[in-house]
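S.K.: A single structure is presented below for examination.
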Amino acid sequence: MNANLSVSWIDTGAKGSPTENRNWKGLTMERLDKYLSDCGAGTRSQVKGMIKAGRVTVDGKPEKDPGRKVGAETVCLDGQPLKKQGRRVILLNKPEGFVTATEDRVERTVMELLPREYQDLKPVGRLDKATEGLLLFTDDGDLLHRLISPKKKVPKVYYARHEGTATAEDVQAFRQGLTLGDGTRCLEADLEILGPGQCHVTVYEGKYHQVRRMLASRGLPVTYLERIREGELTLGDLPRGQVRPLTDQEIENLDA
Ligand code: URA
């Protein structure tokens, strides 16, 4: 793996208790510490400190419980009302030849493909240098971890061209969960044979070179790989090398 990769794409596991739900009016309620953090007041641990220090009020009353649920209330830090900043999520149609890293001393990184206003976003998971297709970026750490956590079972669909011909036994082996040559256990995955040397692979996790290694383990070395879907999102008609921001509705759908 690239030693300079500065964003982790390994599963970090599910977060603790749910951070967001709705009250009886359908209004989104979320934990006070998450709300403060989403407003840009600091990291989750920094804002917990601010809450415990008594610097935060909810509708004028001091609140020291970081887990208190807030919705339409006015939240102030040091007497100043806070306003939630919109989250940003963008979709890149990644071309081959770029590594998924925020910096690298040798290789060109995916950040070079993003306009200046998106340079503070982080890639969601990872595509290999040679892999093309759908790569998301966001400034929302919770969303990022949800999308890559195997526990959340967000499907990632790949189109692959490979040597050899896949069979019904390969489909079955993917469905049961493959064990790779080095003993790595993969979760259940779907292999759909499209024709000689072509398939779709759906995985729910992001291990190193996973799809290439899965197909290679069945004697089907990959010659071309493209991610075509993540969750409900597809590339649509976005040209290779281009980015587009997700709509508010698309971002909400990612939360579901
Ligand atoms: N699996 C791979 O082998 N490569 C990728 O880039 C993504 C998934």
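Just so it is clear, none of the values below were taken in a lab; they were calculated from the coordinates. Source: prediction; values computed, not measured. FYI the Cβ positions are ideal-geometry reconstructions off the backbone, even for glycines, and counts take in every protein chain you see.
S.K.: Report the residue, chosen from VAL70, VAL99, VAL157, that carries the largest GNM mean-square fluctuation when the chain is represented by alpha-carbon nodes joined by springs under 10 Å.
M.R.: Comparing VAL70, VAL99, VAL157 in a Gaussian network model of the chain, the most mobile one is VAL70.
S.K.: Hull surface divided by four, with the convex hull built on the Cα atoms of the stretch 42-110: how many nm²?
M.R.: The Cα convex hull of the stretch 42-110, projected and averaged over all directions, gives 7.3 nm².
S.K.: When MET214, MET50, MET111 are ordered from fewest to most other Cβ atoms inside 10 Å of their Cβ, what list results?
M.R.: Working: MET214 25, MET50 17, MET111 20.
By the 10 Å Cβ count, ascending: MET50, MET111, MET214.
S.K.: Check cross-link reach from LYS52 to the aspartates and glutamates: straight Cα distance under 15 Å, and skip same-chain residues fewer than eight apart.
M.R.: Cross-link targets: ASP33, GLU63, ASP65, ASP78.
S.K.: Could you give the alpha-carbon Rg of the chain over 2.2 N^0.38 Å, rounded to two decimals?
M.R.: So the chain has a normalised radius of gyration of 1.16.
S.K.: Show me, for the stretch 139-154, the HN-Hα J-couplings you get by feeding each phi into the Karplus relation (A = 6.51, B = -1.76, C = 1.60, θ = phi - 60°), rounded to Hz, glycine and proline as x.
M.R.: Per-residue couplings from phi come out as 9, 9, x, 5, 4, 4, 5, 5, 5, 9, 6, x, 5, 7, 6, 7 Hz.
S.K.: How charged is the neighbourhood of GLY97? Take every other residue with its Cβ under 14 Å from the Cβ of GLY97, and add Lys/Arg as +1 and Asp/Glu as -1.
M.R.: -3
S.K.: Could you grab the Rg to Rh ratio for the stretch 124-191? Cα atoms only, Kirkwood for Rh.
M.R.: 1.01
S.K.: Can you give the helix-only mean residue ellipticity at 222 nm for the chain, where every DSSP H stretch with n ≥ 4 adds -39500 (n - 2.57) and the sum goes over all residues, rounded to the nearest 500 deg cm²/dmol?
M.R.: That calculation yields -5000 deg cm²/dmol at 222 nm.
S.K.: While we're on this one: Work out, step by step, the length gained on full extension between LYS52 and ALA168: first 0.36 nm times the residue separation, then minus their alpha carbon distance; give nm to one decimal. Present the calculation step by step, with values, prior to reporting the outcome.
M.R.: On the way: separation 116, 0.36 × 116 = 41.76 nm, distance 5.85 nm.
That works out to 35.9 nm of additional length.
S.K.: Place a point 7 Å from the Cα of ARG185 along the Cα-to-Cβ direction; which residues of the stretch 215-253 have their backbone N under 20 Å from it?
M.R.: 215, 217-218
S.K.: Give, in nm to one decimal, the length gained when the segment between GLU107 and ARG161 is fully stretched (0.36 nm per residue of separation minus the Cα-Cα distance).
M.R.: On the way: separation 54, 0.36 × 54 = 19.44 nm, distance 2.49 nm.
Roughly 16.9 nm would be gained on extension.
S.K.: What residues have an amide H closer than 5 Å to that of LYS94, excluding those fewer than 5 places away on the same chain, when H is modeled at 1.01 Å from N in the peptide plane?
M.R.: Residues meeting the amide H criterion: GLY133, LEU134, LEU135, GLY241.
S.K.: Along the stretch 73-82, what does the Karplus equation 6.51 cos²θ - 1.76 cosθ + 1.60 (θ = phi - 60°) give for ³J(HN,Hα), rounded to whole Hz, x for Gly and Pro?
M.R.: Calculated HN-Hα couplings, in order: 5, 8, 10, 10, 10, 6, x, 9, x, 9 Hz.
S.K.: Net charge within 12 Å of ASP248 by Cβ-Cβ distance, Lys/Arg positive one each and Asp/Glu negative one each, not counting ASP248 itself?
M.R.: On the way: positive: ARG87, ARG88; negative: GLU250, GLU252, ASP255.
After counting each charged neighbour, the total is -1.
S.K.: Using only the alpha carbon atoms of the stretch 161-256, find the Kirkwood hydrodynamic radius as the inverse mean reciprocal pair distance, in angstroms to one decimal.
M.R.: In the stretch 161-256 this quantity evaluates to 14.9 Å.
S.K.: I need TYR158, TYR224 ordered by Cβ neighbour count within 10 Å, fewest first.
M.R.: The most exposed by this proxy come first: TYR224, TYR158.
S.K.: May I pose another question? Using the basic label-point model (7 angstrom from Cα toward the beta carbon), what is the ASP255 to ARG116 distance in nanometres?
M.R.: Taking the simple label geometry, ASP255 and ARG116 are separated by 3.1 nm.
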